[in-house]
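Visitor: Pasting a structure here, questions to come.
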Amino acid sequence: MNFDLCQNPACEFRTICPLRPVPKVAGEPQRRGTAPVRQTAAVESLLDLQDSPCGPIGTLAIDGELTARHVQGARIAEDVAGQLYGLMVYLNTPGGGVAEGDGIAGSLQAVGRRVPVVCYVERALSSGLIIAAACGHVVADGGGILGGFGVINHFCDGKQPLAIISAQSPQKWSDGPIGPPCRYRPYDAGALVEMQRTLDVKFEQDLASIARWRGVDPEVLRPILDGRQFFGRTALQHGIADVVGDEREAHRQLEQLITEGRNHAR
């Protein structure tokens, strides 16, 4: 059975949907296969399976703010990694919760220990940068943006900044209030101090992980992971991307890694 692209408006991914099977027409070439992933009658498949000259590859789209569904998609990729030749991750996210970012990164690291993983980045900010680094090979779109790491923007009304908490700033909330109070409501200084301390600890952990995955000295990355955002070519210069190119280049890179892995196995 062949699956066509999901037409469910609630489905936010570029995926195949098990709720909408399309019978294969006799004589029609098989356009895409189906991965034996965990599916229920009420949940869209979060992982697409595509044919390539090298064999079947999984494609995982992480689009928008990180959610539990993205975590689930990454876990599905981890579950079926042994049946894939490689995994392509499409990343376009402003970031999200710590738990979601860490969960996705952990699953993609597990996939990468079995098959090549390439991440095509249109936007990888905050936790998104951790996910990109976890993939091992990063192809940044020329207009893609990477960075925004180590900073929490805390808002008091959705628009007016209440506080900007940075792991790299010489002024820290743990040393005392920074900036004037918000005119809409008073900030909870104690909460901001605790947030600062938590960010500082998490920043050091994530810095070490990104540096290890990227094969770079942490102290080389530290000066640039200060909340700034970089376009693709600048990200390449700073060592947080491997190649600058479009989606076709990302697929070419994945096929090359798959071929190199086969040759090495011989």
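Visitor: Are any residues in the stretch 108-136 surrounded by fewer than 24 Cβ atoms within 10 Å (Cβ to Cβ), closer than 19 Å to Gly82 by Cα and either in contact with an Asp or Glu (Cβ under 9 Å, 6 or more places away or on another chain) or touching a residue at least 24 places away in the same chain (Cβ under 8 Å) (or both), and if so, which ones?
Guide: The answer is Gln109, Ala110, Gly112, Arg114, Val115, Gly136.
Visitor: Right, here's the next one. Is there any pair with a first residue in the stretch 85-106 that is over 19 Å from Val151 (Cβ atoms) and a second that is surrounded by fewer than 21 Cβ atoms within 10 Å (Cβ to Cβ) and polar (S, T, N, Q) whose Cβ atoms are under 7 Å apart and which are 6 or more apart or on different chains, and what are they?
Guide: none
Visitor: List the number of the failed condition for Val71; all other conditions in (1) farther than 24 Å from Leu257 by Cα; (2) in contact with a strand residue (DSSP E or B) (Cβ under 9 Å, 6 or more places away or on another chain); (3) among the hydrophobic types (A, V, I, L, M, F, W, C) hold.
Guide: (2)
Visitor: Go through the residues of the stretch 40-51 one by one and say whether even a single one is touching a Cys at 6+ places or on another chain (Cβ under 9 Å), among the charged types (D, E, K, R), at pLDDT below 95 and not in a helix (DSSP H, G or I).
Guide: yes
Visitor: Give me the residue from the stretch 210-234 that is β-branched (Val, Ile, Thr) and in a helix (DSSP H, G or I) and, out of that set, surrounded by the most Cβ atoms within 10 Å (Cβ to Cβ).
Guide: Ile210
Visitor: Report the residue count in the stretch 52-81 for those that are part of a strand (DSSP E or B) and either surrounded by fewer than 19 Cβ atoms within 10 Å (Cβ to Cβ) or among the small types (Gly, Ala, Ser) (or both).
Guide: 3
Visitor: Pairs under 9 Å by beta carbon, first residue basic (Lys, Arg) in the stretch 218-237, partner not in a strand (DSSP E or B), six or more apart or different chains?
Guide: These pairs meet every condition: Arg222/Gln168; Arg222/Leu207; Arg222/Ala211; Arg228/Gly148; Arg228/Phe149; Arg233/Ala241.
Visitor: Would you mind stating whether Ser169 is modelled with pLDDT of 80 or more and on the phi < 0 side of the Ramachandran plot?
Guide: no
Visitor: Hey, another quick one. With (1) within 16 Å of Ile57 (Cβ to Cβ); (2) in a strand (DSSP E or B); (3) among the charged types (D, E, K, R) as the list, and Glu122 as the residue in question, which single condition is left unmet?
Guide: Failed condition: (1).
The values are calculated or read from the model by the stated rules, or taken from the named source; none is laboratory data. These numbers were taken from a predicted model, which means no experiment stands behind them. Reconstructed Cβ throughout: ideal geometry from the backbone, glycine too, with neighbour counts over all protein chains shown.
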